[in-house]
Amino acid sequence: MTLDDRPVHGEEIEAEKLAELLEAALERNRQLEQALESRIVIEQAKGVLVERLRLEPDAAFEILRRASRNSRRRLHDLAAEVVRSRVMPREMTKVLAESFATAPADET
């Protein structure tokens, strides 16, 4: 390497900054991909609950959210179990029982 081939100090700093920015952008991209994948699973679980229990989508999400919070499980993990299994997870059964017990009776 000749003297002319060596990077100038400012160029080294610029290259380091670019490398840091690239690393940060790649990490952000990974996080966004993970969030999207998680959201897809949650939407699938909502669809399963809508189909199985004849719920509105907002009610299905609320039940998922409450079951997740009550059981201290990640929403994504509980949603994945709902999608994978034909059997309703125990956490969901408990929240559903509570929801139906406190729901107002239909007036006919």
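The values are calculated or read from the model by the stated rules, or taken from the named source; none is laboratory data. Everything quoted here is computed from the prediction, not taken from an experiment. Quick reminder, even Gly has a Cβ in these numbers, built from the backbone with ideal geometry, and neighbours come from all protein chains shown.
Need pairs with beta-carbon distance below 7 Å; first residue closer than 14 Å to residue 55 by Cβ and within region 83-102, second surrounded by fewer than 14 Cβ atoms within 10 Å (Cβ to Cβ); sequence gap 6+ or separate chains.
Pairs that qualify, where the first residue is closer than 14 Å to residue 55 by Cβ and the partner is surrounded by fewer than 14 Cβ atoms within 10 Å (Cβ to Cβ), are 95/70.
Looking at 37, 14, 62, which one is more than 20 Å from residue 98 (Cα to Cα), surrounded by 12 or more Cβ atoms within 10 Å (Cβ to Cβ) and either without any contact (Cβ under 8 Å) to a residue 12 or more places away in the chain or of a type in the set (Lys, Arg) (or both)? Walk me through how you get there before you give the answer.
Working: 37 fails: surrounded by 12 or more Cβ atoms within 10 Å (Cβ to Cβ); 62 fails: more than 20 Å from residue 98 (Cα to Cα).
When all the criteria are applied, what remains is 14.
Just name the residue that is modelled with the lowest pLDDT out of those in region 68-97 that are more than 22 Å from residue 34 (Cα to Cα) and touching an Asp or Glu at 6+ places or on another chain (Cβ under 8 Å).
Looking at the filtered set, the residue picked out is 89.
Just a yes or no: is a residue in region 68-88 exposed (fewer than 15 other Cβ atoms within 10 Å of the Cβ), assigned to a loop (DSSP other than H, G, I, E, B) and among the small types (Gly, Ala, Ser)?
Yes, because at least one residue in region 68-88 is exposed (fewer than 15 other Cβ atoms within 10 Å of the Cβ), assigned to a loop (DSSP other than H, G, I, E, B) and among the small types (Gly, Ala, Ser).
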